Amino acid sequence: MRLRVLVKPGSRQEKVLRNPDGSLTVAVTSRPVKGEANAAVIKALAQFLGVSREGIKLLTGKNSRWKVFAIKD
């Protein structure tokens, strides 16, 4: 499954919200430095979706706020 995600780095609290269009918004406290925010997003998605972190792979958007992740079922 592919999932489109809007990332909000540097937020006050971490949370995952489902958008009406089917995408997710993930707010993380980590800053976008040396991939820290991407790692925090993967961790938050794993908890939200109930899958392991190894089952989530970043496909596109490494340096963008809009990212696409592959989720293994």
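So for the chain: antiparallel DSSP bridges make up what percent, rounded to the nearest 5?
Of the beta bridges lying entirely in the chain, close to 75 percent run antiparallel.
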Using the Kirkwood radius over Cα pairs, work out the Stokes-Einstein diffusion coefficient for the stretch 2-71 at 10 °C and 1.306 mPa s, in µm²/s as a whole number.
135 µm²/s
Charge-dipole axis of the chain as Lys and Arg at +1 and Asp and Glu at -1 on Cβ define it, positive-most pick from 48, 35, 16
35
Burial order of peptide ranges 25-35, 55-65 (average beta-carbon count within 10 Å, highest first)
25-35, 55-65
In sequence order, calculated HN-Hα J values of the stretch 63-71 (Karplus, 6.51, -1.76, 1.60; Hz; x Gly/Pro)
10, 10, 6, 8, 10, 10, 10, 9, 10
I'd like the Karplus ³J(HN,Hα) series for the stretch 13-19: coefficients 6.51, -1.76, 1.60, θ = phi - 60°, whole numbers in Hz, and an x wherever there's a Gly or Pro.
9, 8, 7, 10, 10, 8, 8
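Values in this text are rule-based calculations from the coordinates and carry no lab data. Small disclaimer: the values here were computed from a predicted structure and weren't measured. Cβ coordinates were reconstructed from backbone atoms using ideal geometry, including for glycine residues, and neighbour counts include every protein chain displayed.
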